[in-house]
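Undergrad: Here it is, the structure in full.
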Protein chains: 2
Amino acid sequence: MSNNEKQQQLQEIKKKVDSPKISSSDVKQELINLGKSIIKDINKGENPKIELSVRGLSNVIYNTKSKTLSLGEKTAQRFFFNVAHAKKFLQTIEVASICKNLLEVQKHASLRDVFYMAKRTIPNTKINVVDDQKESDKAIEDLEIITEFSREQLHVNANKMGSVAGKVVIEDSGDIIDWSKLGSGGWSIPSNVENIKFKKVDAKYIMYMEKAAVWERLHEDRFWEKQNCLIMSSQGQTTRGIRRLLQRLSIEHHLPIYVLADCDPWGWYIYSVIKYGSISLAHMAEEMAIPSVRFLGVTCDDIVNYDLKRHFIKLTDQDIARLKQMQQYEWFEKNKLWQRQFKMMKEFGAKVEIQALSSRGISFISEKYLPEKIKKTEFLD
Amino acid sequence: MSNNEKQQQLQEIKKKVDSPKISSSDVKQELINLGKSIIKDINKGENPKIELSVRGLSNVIYNTKSKTLSLGEKTAQRFFFNVAHAKKFLQTIEVASICKNLLEVQKHASLRDVFYMAKRTIPNTKINVVDDQKESDKAIEDLEIITEFSREQLHVNANKMGSVAGKVVIEDSGDIIDWSKLGSGGWSIPSNVENIKFKKVDAKYIMYMEKAAVWERLHEDRFWEKQNCLIMSSQGQTTRGIRRLLQRLSIEHHLPIYVLADCDPWGWYIYSVIKYGSISLAHMAEEMAIPSVRFLGVTCDDIVNYDLKRHFIKLTDQDIARLKQMQQYEWFEKNKLWQRQFKMMKEFGAKVEIQALSSRGISFISEKYLPEKIKKTEFLD
């Protein structure tokens with residue numbers, strides 16, 4: 001992809017995400033519209049219905065132009081007077097009402113909170129609106145599809161996780177926060193970063209890593225200062241708060257993002273989710289994906305080049321199954337560089353963790369491995 | 001316990017933990033002494049040995065005076081020329097050498113890092129010094145027992161997790177950090193808080209909670225400002241960094257600590273670990289325990305008083321087994337208030353999550369439940 005194309009792609013995403021700036025009253029209005037359309041059905045004496053895109057792999061398409069996943073054109077209607085639909089219909093409306101209330105009082109709830117708020121017994125019955133969090137979670141995803149607003153914009157937050165450090169000054173909830181002056185801890189990334197304002201961004205790139213312990217290593221070594229970058233970390237899968245923070249820095253400040261993860265199918269999938277979006281949230285992929293993200297390591301070549309074979313961990317049956325699955329994903333299928341990696345890992349029959357680099361010395365990762373890889377631009381796209 | 005006794009207890013802990021201030025060269029010296037004692041054995045032509053306390057429940061005692069767990073007087077010797085001991089002996093020495101190196105270069109490693117640093121093949125053999133992280137973890141715990149210094153003092157860090165907010169100003173790594181001015185995220189608690197200096201502490205108590213989502217709820221409601229307290233959270237079990245931070249604020253600034261956790265055996269055990277220490281780390285319990293900690297909720301009485309029975313989640317077999325186990329722990333066995341709770345939960349056959357309070361309203365927890373419980377001093381000790 002040329003630089004020109006990249007810029008164009010970023011512009012398109014930027015348009016969707018930021019312009020026109022969406023206010024919480026816009027979001028509320030969309031929920032009110034949903035309610036009105038149902039009342040209209042009722043007044044016309046029709047079976048009340050909600051129309052929404054079909055989810056699931058059968059309707060997930062890989063957009064080769066925008067390089068992100070998205071939902072296809074298959075839609076379905078959900079009716080109130082339909083034994084198979086009635087409960088889901090009710091759940092969607094109940095959760096819409098909860099979100100409208102959250103927007104009105106200007107507060108945010110977690111997925112679990114929403115579950116408990118929705119979990120009440122329907123009067124004169126023994127039936128609960130929801131019995132399991134999976135049901136309210138699905139209803140929130142449905143609302144994302146129906147309203148085209150994200151969960152965060154509906155004031156429902158994901159889990160809070162992760163830290164960041166580097167030469168960035170932000171404004172958040174009226175506070176001015178300098179990410180370079182927060183001691184050994186760094187700034188704790190909230191679950192919702194929509195209202196953060198970037199006041200100053202002085203960094204050449206973002207190093208995102210899957211492990212908090214690696215973040216602490218780089219932070220103690222003042223990697224962000226020496227390399228003039230940001231270091232950001234979650235613990236395991238990347239939360240939506242972090243993905244949006246990465247995306248906003250990519251779009252608004254054109255910072256390249258490099259991903260540092262274990263050399264195993266799960267670590268690689270962390271990169272895949274940040275870059276292309278996730279299958280389960282394909283309806284949000286275009287809003288959440290960051291096509292410019294690059295994988296820095298750990299690659300199978302690194303294992304050879306940095307003498308890490310003695311730290312091989314045998315692939316489990318699950319690892320092998322996951323590897324096979326990923327190999328066949330459309331966005332990896334025609335990617336020769338990645339197919340080569342998949343093949344190498346299969347031949348090794350083994351995976352390697354980031355921390356294996358510590359066997360070469362406690363600061364080998366920050367003083368040699370990372371600077372060398374960046375200098376040689378050894379990235380996988 | 002009278003206030004006087006409490007003060008005395010705190011003084012004793014304070015003495016151990018802070019006075020005389022331990023420098024990293026003291027810690028290094030202890031490791032050098034260990035090495036010297038082995039060389040002495042060798043020079044005398046004796047079988048090199050390490051002496052250390054026996055671990056495991058058989059040697060864990062509950063000190064009714066200090067109200068903490070600790071190791072008993074059973075000791076064991078580990079010999080180099082003993083087929084059953086040789087590998088563990090080598091592992092302990094190897095890890096001691098890694099820690100000495102970390103102290104020399106003034107850097108910190110994670111448990112996983114130490115594993116990879118120790119994982120090397122013994123020359124002319126096919127045997128690795130360690131094959132599994134459990135082995136190096138055990139060796140670090142052994143070193144804690146042998147040297148009487150904590151893992152953190154040996155420059156080995158636990159996992160980083162959790163956030164804090166409130167009117168406290170600290171100095172850390174040369175930065176001045178105001179915990180009340182960090183936006184919606186808060187300060188990200190590092191894995192090691194030994195070198196933090198408290199510059200200003202303006203709070204009446206600490207509210208510690210097991211769940212990050214609850215922390216975000218209280219933070220959005222500015223609970224810490226309205227109540228003049230600190231809010232601190234992990235996600236799941238309390239990390240050692242957080243426990244030490246709680247303890248330092250308790251000892252150095254006499255802040256009461258209230259624990260807010262799920263009403264289930266696991267939530268209650270979170271409280272137990274903070275208060276009495278954990279069984280697996282009994283050798284560090286006296287250093288880590290905070291006897292003054294109080295359990296605020298959620299209790300079985302809260303379920304009744306706040307009408308939460310409709311959010312019952314049936315106890316699993318594991319829950320019931322854990323409940324039975326906890327009921328028999330010495331520190332709970334004679335505690336009538338806790339025994340009553342255990343009994344109630346058994347009768348309910350059910351548990352309840354903190355977030356069930358959200359069913360009463362999104363800010364019910366911060367506006368009614370918590371202020372009411374604190375005002376009525378409804379604590380469990």
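Undergrad: Nearest 5 percent is fine: what portion of the DSSP beta bridges confined to chain B is antiparallel?
TA: If we restrict to bridges inside chain B, about 70 percent are antiparallel.
Undergrad: Calculate the mean, over all residues of peptide B:212-224, of how many other protein chain Cβ atoms lie within 10 angstrom of the residue's Cβ. Don't skip to the end; give the middle numbers.
TA: On the way: counts 8, 11, 3, 2, 10, 6, 0, 3, 8, 1, 1, 0, 0.
Per residue, the average neighbour count from other chains is 4.
Undergrad: Taking every DSSP beta bridge that has both residues in the protein assembly as shown, what percent is antiparallel when rounded to the nearest 5? It would help to have the intermediate numbers written out before the result.
TA: On the way: 55 of 81 bridges.
Antiparallel bridges make up about 70 percent of those DSSP assigns within the protein assembly as shown.
Undergrad: Could you tell me the relative contact order of the stretch B:78-222? Use alpha-carbon pairs under 8 Å, at least six residues apart, and round to a whole percent.
TA: Across the stretch B:78-222, relative contact order equals 18 percent.
Undergrad: Restricting to Cα pairs below 8 Å that are 6+ residues apart, what does the relative contact order work out to for chain A? Please round to a whole percent.
TA: Values: 601 pairs, mean separation 52.0, N = 381.
Computed value for chain A: 14 percent relative contact order.
Undergrad: Under the classification rounded if a/c is under 1.5, otherwise prolate if a/b is larger than b/c and oblate if not, where does the stretch B:163-375 fall, given a ≥ b ≥ c as square roots of the Cα gyration tensor eigenvalues?
TA: Numbers: a/c = 2.18, a/b = 1.36, b/c = 1.60.
Taking the square roots of the gyration eigenvalues as a ≥ b ≥ c, the stretch B:163-375 is oblate.
Undergrad: Another one. Which distance in nm do the two modelled labels at B:Lys126 and A:Asp175 give, with both placed 7 Å along the Cα-to-Cβ direction?
TA: Result: 5.6 nm between the two label points.
Undergrad: To one decimal in nm, how far is A:Lys126 from the same spot in the other copies, if labels go 7 Å from Cα toward Cβ? Please give the shortest first.
TA: Computed spacing set for this position: 6.4 nm.
Undergrad: Right, next: So what J values fall out for the stretch B:67-73 if you push phi through Karplus, 6.51 cos²θ - 1.76 cosθ + 1.60 with θ = phi - 60°, rounded to Hz, Gly and Pro as x?
TA: Once rounded to whole Hz, the list reads 6, 9, 7, 7, 7, x, 9.
Undergrad: Still on this structure, I have one more. From the phi angles alone, apply the Karplus equation (6.51, -1.76, 1.60; θ = phi - 60°) to the stretch B:104-109 and give each ³J(HN,Hα) in whole Hz, x where the residue is Gly or Pro.
TA: Once θ is set to phi - 60°, the couplings for the stretch B:104-109 become 5, 8, 6, 10, 10, 10 Hz.
Undergrad: Counting other C-beta atoms within 10 Å, and keeping those with at most 12, which DSSP coil chymotrypsin sites (Phe, Trp or Tyr not before Pro) do you find in the stretch B:93-178?
TA: On the way: sites: B:Phe115, B:Tyr116, B:Phe149; in loops: B:Phe149.
Hits after loop and neighbour filter: nothing returned.
Undergrad: If packing is taken as the average count of other Cβ atoms within 10 Å, what order do A:232-239, A:184-191, B:64-71, B:270-277 fall into, highest mean first? Intermediate values should be presented prior to the final figure.
TA: Values: A:232-239: 20.8, A:184-191: 27.2, B:64-71: 17.5, B:270-277: 23.1.
Peptide ranking by packing, descending: A:184-191, B:270-277, A:232-239, B:64-71.
Undergrad: Rounded to the nearest 0.05, what FRET efficiency do B:Arg310 and A:Lys49 give with R0 = 30 Å and r taken as the Cβ-Cβ distance? Could you check?
TA: Using R0 = 30 Å, I get an efficiency of 0.45.
Undergrad: Okay, moving on. Along Cα-to-Cβ, 7 Å out, sits the label point; list in nm, shortest first, how far the one on B:Glu51 is from those in the other copies.
TA: Label-point distances to the other copies, shortest first: 8.4 nm.
Undergrad: Between helix A:265-276 and chain A, what is the angle of the helix's C-alpha long axis to the longest principal axis, kept within 0 to 90° and rounded to the nearest 10?
TA: Tilt of helix A:265-276: around 60 degrees.
Undergrad: Another question about this same structure. Taking a ≥ b ≥ c as the square roots of the Cα gyration tensor eigenvalues, with a/c under 1.5 meaning rounded and otherwise prolate when a/b beats b/c, else oblate, which class fits the protein assembly as shown?
TA: oblate
Undergrad: Amide H of B:Gly186 versus every other amide H placed in the peptide plane: which residues, excluding those fewer than 5 positions away on the same chain, fall under 5 Å?
TA: The answer is A:Ser188.
Undergrad: Where a ≥ b ≥ c are the square roots of the eigenvalues of the C-alpha gyration tensor, would you call the stretch B:3-157 rounded, which needs a/c under 1.5, or, failing that, prolate if a/b is larger than b/c, or oblate?
TA: Prolate, because a/c is 1.5 or more and a/b exceeds b/c.
Undergrad: Convert each backbone phi in the stretch B:110-127 into a coupling constant with the Karplus relation 6.51 cos²θ - 1.76 cosθ + 1.60 (shift: θ = phi - 60°), then list the ³J(HN,Hα) values in order as whole Hz, x for Gly and Pro.
TA: 8, 4, 5, 4, 4, 4, 5, 6, 7, 7, 9, 7, 5, x, 6, 9, 10, 9
Undergrad: If you take every DSSP beta bridge fully contained in the stretch A:163-375, what fraction is antiparallel? Give it as a percent rounded to 5.
TA: 60
Undergrad: Given A:Lys67/A:Lys336; B:Lys324/B:Lys376; A:Lys324/A:Lys351, which pairs have Cα atoms separated by over 24 Å?
TA: B:Lys324/B:Lys376
Undergrad: Which cross-chain or sequence-distant (5 or more) residues have an amide H under 5 Å from the amide H of A:Ile290, H modelled 1.01 Å from N in plane?
TA: Answer set, sorted by chain and number: A:Lys275, A:Tyr276, A:Gly277.
Undergrad: Here's another thing I want to ask about it. Rounded to whole angstrom, how close does the nearest chain B beta-carbon get to the axis mapping B onto A, and which residue is it?
TA: B:Ser188, 2
Undergrad: Considering amide H positions built from the backbone, and no H for Pro or chain starts, which residues 5 or more places from B:Ile257, or on another chain, come under 5 Å of its amide H?
TA: B:Ile206, B:Arg294
Undergrad: Counting only C-alpha contacts under 8 Å and six or more residues apart, can you give the relative contact order of the stretch B:3-157 as a whole percent? Before the final figure, lay out each step's value.
TA: Numbers: 173 pairs, mean separation 34.1, N = 155.
Rounded, it is 22 percent for the stretch B:3-157.
Undergrad: Quick one: among B:Val201, B:Val352, B:Val304, which has the greatest mean-square fluctuation in a GNM of chain B with alpha-carbon springs under 10 angstrom?
TA: So, out of B:Val201, B:Val352, B:Val304, the one fluctuating most is B:Val304.
Undergrad: Further question: Can you tell me the 0 to 90 degree angle between the C-alpha axis of helix A:317-328 and the longest principal axis of chain A, rounded to 10?
TA: Value to nearest ten degrees: 80.
Undergrad: Which pairs break 20 Å Cα to Cα here: A:Lys28/B:Lys368; B:Lys138/B:Lys275; A:Lys204/A:Lys375?
TA: Table pairs above 20 Å Cα-Cα are A:Lys28/B:Lys368; B:Lys138/B:Lys275.
Undergrad: If I fit a long axis through the Cα atoms of helix B:133-147 and take the longest principal axis of the Cα atoms of chain B, what angle between them do I get, 0 to 90°, rounded to 10?
TA: Its long axis makes an angle of about 80 degrees.
Undergrad: Next question. What are the nm distances, shortest first, from B:Asp307 to its equivalents in the other copies, labels at 7 Å along Cα→Cβ?
TA: Its label point is 7.0 nm from the equivalent points in the other copies.
Each value in this text was obtained by applying a stated rule to the coordinates, not by laboratory testing. The model shown is predicted, which means the values in this text are computed figures rather than measured ones. Using ideal geometry, Cβ is built from the backbone for each residue, glycine included, and neighbour counts are taken over all protein chains shown.
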